[in-house]
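Working notes, structure below.
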Amino acid sequence: MPNDEIPESELAVARAIARRLGRTVFGVVEPPGGGRRLATERPDDPATLAFSVERGGAVRLGPAGRRSAGAPSALVHDASTIPAVELEAMRDHALLTGRTIFVAEDLEDPDAWALYDEAPGDGTLRYAVRPTGEVIVGAAATAEPAAAARDTGWTARVGAALRALRRLRERADELIPLSHVTPRDWSRVERLVPDGERRALHPAALVGLPGPVVADAVRRAAEREVERLRRGWRPA
């Protein structure tokens, strides 16, 4: 939502022009006086974008529209408000890259997020995620330091492990319709079981059980392995 720095009368004019032209209109700050002009092209310098108004009237603030608002307006203050699917994807991305990632609004695409290796200072930051899985929100996210893995081969090694775990979960899903798991059924799963979970997923304890029960045990084992990967991260 626009802040008090952008008068509704200015937005009304921008909406009228956008509607008449059938295209997005941009409010651009012009130094040194800091006045704003309306333009039909996105400015070359993103920092000078105060707002954009789509032809349907939707308004999105740019960096220059937030800078004087007193606090970063995009910040998330409660991690529970982040959609679970989004948060899972961001935690997986941070783990894979071995870097703390900073999730921000994407000024180019309202349906996407921009990801940075350090906190952006333009008010678009939403939250940060460490490779260890912690989610950092509020003012702490703006102060969170950039961090990368000490291990230069981290991404390749963890990427291979995550691909194997994805296949393990797919094999677990194939067990769900079975009334009971046979040794042959289990053999397709067993070769993908990580070393740290072989005792928990011993065939003697699982073969013969209903498919959903075994599938659940496999999925829980996969999650434990992901947590082991996260705990293995060390900063450079």
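The values are calculated or read from the model by the stated rules, or taken from the named source; none is laboratory data. All values derive from a computational prediction rather than experimental measurement. Don't worry about glycine lacking a Cβ; one is built from the backbone with ideal geometry, like all the others, and counts go over all protein chains shown. Ligands, DNA and RNA are excluded from the accessible area calculation, which covers all protein heavy atoms including side chains. Shrake-Rupley method; radii C 1.70, N 1.55, O 1.52, S 1.80 Å.
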Specify the angular offset, from 0 to 90 degrees and rounded to the nearest 10, of the alpha carbon long axis of helix 8-21 from the longest principal axis of the alpha carbons in the chain.
80 degrees
Could you work out how far apart the two model spin labels at Arg224 and Asp78 are, taking each label as a point 7 Å from the Cα in the direction of the beta carbon, and quote it in nm?
3.4 nm
Percent of alpha-carbon pairs separated by more than 20 Å within segment 8-66
15 percent
Descending Cα extents along the principal axes, segment 123-230, whole Å:
55, 28, 19
Name the residues whose placed amide hydrogens come within less than 5 Å of the amide hydrogen of Phe51, ignoring near sequence neighbours (fewer than 5 apart) on the same chain.
Gly27, Gly62
Grab the Cα-Cα distance for Ala114 and Glu30, subtract it from 0.36 nm times how many residues apart they are, and report the gain in nm with one decimal.
27.7 nm
With -39,500 (n - 2.57) per DSSP H segment of 4 or more residues and division by the full residue count of the chain, the 222 nm estimate, nearest 500 deg cm²/dmol, is -12000 deg cm²/dmol
Considering only Leu61, Met90, Ala221, whose Cα is most displaced toward the positive end of the charge dipole of the chain, charges sitting on Cβ of Lys, Arg (+1) and Asp, Glu (-1)?
Ala221
Once the Cβ-Cβ distance between Asp216 and Asp151 is put in as r, and R0 is 30 Å, what FRET efficiency do you end up with, to the nearest 0.05?
0.40
State in Å² the accessible area per residue of segment 95-197; use a 1.4 Å probe, count heavy atoms of protein chains only, and round to the nearest integer.
51 Å²
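If you stretched the chain out fully between His202 and Arg163, how much longer would it get, using 0.36 nm times the residue separation minus the C-alpha to C-alpha distance?
Values: separation 39, 0.36 × 39 = 14.04 nm, distance 2.18 nm.
The span from His202 to Arg163 would gain 11.9 nm if fully extended.
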By how many degrees, between 0 and 90 and to the nearest 10, does the Cα long axis of helix 211-231 differ from the longest principal axis of the chain?
60 degrees
Calculated SAXS-style log₁₀ I(q)/I(0) at q = 0.18 Å⁻¹ - segment 79-143, Debye, Cα scatterers:
-0.58
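If you average over every viewing direction, what projected area does the convex hull of the Cα atoms of the chain give, in nm²?
Values: hull surface 67.5 nm².
Computing the convex hull of the Cα atoms and averaging its projections yields 16.9 nm².
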Compute, for the chain, the length of the dipole vector about the Cα centre, with Cβ point charges of +1 (Lys, Arg) and -1 (Asp, Glu) only. Units Debye, rounded to 20.
820 debye
Tell me, what ³J(HN,Hα) does each residue in segment 139-151 have, in order and in whole Hz, if you take phi through Karplus 6.51 cos²θ - 1.76 cosθ + 1.60 with θ = phi - 60° and put x for Gly and Pro?
4, 4, 5, 5, 9, 5, x, 5, 8, 10, 5, 5, 6
Put a dot 7 Å past each Cα toward the Cβ at Arg191 and Asp173; how far apart are the dots in nm?
2.1 nm
With axes computed from alpha carbons, what is the tilt in degrees of helix 154-175 against the longest principal axis of the chain, rounded to the nearest 10 within 0 to 90?
60 degrees
Compare the Cα positions of Ala149, Ala114, Leu206 along the charge dipole of the chain (+1 at Cβ of Lys, Arg; -1 at Cβ of Asp, Glu; about the Cα centre) and return the one farthest towards the positive end.
Leu206
